[in-house]
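Reviewing the structure listed below.
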């Protein structure tokens, strides 16, 4: 059965490369990619990319996916205090899914409480949110840490667009292992 990844983007102002580069890597690796946002239609990236939204975040069933990926950009701040987005991240951890976030979107994972005690990186502008919520912030390009329950390194965080492809490659590696 084909593996599935859910990419969660802001409807307005997601970071184009952080969505497009990992998606290309996953699709090339034969992963089915589904895109979710807070509304249906054509989401608009900060740099002008249009992305078709397949479902809204309130329709997400975490159990339908092997990986849940939060995409950054200025619009991703809207999800930091969004109970639905936080619940998706928490369920991904409870269900031992691969959980990824890049750039500012790592703030959603921190606020959901799923990074407590773990190593993580992010856009430097949200590093304080990570530390305030118990994460060990590292100013690196990419971090992989284990969920306390599995010890297998299933939480993958990246700092931004320059590491978007590598972020996608690490998620693919976990999906295929």
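The values are calculated or read from the model by the stated rules, or taken from the named source; none is laboratory data. Please read these numbers as outputs of a predicted model, since none were measured by experiment. Positions of Cβ are backbone-derived with ideal geometry, glycine not excepted, and every protein chain shown enters the neighbour counts.
Annotations for the structure displayed:
- Residue list for the stretch 1-32, restricted to those being closer than 16 Å to residue 92 by Cβ and surrounded by fewer than 20 Cβ atoms within 10 Å (Cβ to Cβ): 3, 4
- Test: residue in the stretch 75-89 that is over 20 Å from residue 45 (Cα atoms), touching a residue at least 24 places away in the same chain (Cβ under 8 Å) and surrounded by 24 or more Cβ atoms within 10 Å (Cβ to Cβ): yes
- Here the stretch 35-79 is the region considered, the condition is being part of a helix (DSSP H, G or I) and touching a strand residue (DSSP E or B) at 6+ places or on another chain (Cβ under 8 Å), and the residue that is farthest from residue 6 (Cα to Cα) is 74.
- Filter result for residue 157 (outside any helix (DSSP H, G or I) and under 11 Å from the mean Cα position of the chain (by Cα)): yes
- Of all residues in the stretch 5-33, those being more than 14 Å from residue 101 (Cα to Cα) and in a strand (DSSP E or B) number 4.
- Flag for residue 120 being closer than 21 Å to residue 145 by Cα, touching a helix residue (DSSP H, G or I) at 6+ places or on another chain (Cβ under 7 Å) and modelled with pLDDT under 95: yes
- Within the stretch 143-170, residues that are on the phi > 0 side of the Ramachandran plot and modelled with pLDDT under 95 reach partners that are surrounded by fewer than 16 Cβ atoms within 10 Å (Cβ to Cβ) and not in a helix (DSSP H, G or I) with beta carbons closer than 8 Å, at six or more positions or on different chains, in the pairs 153/146.
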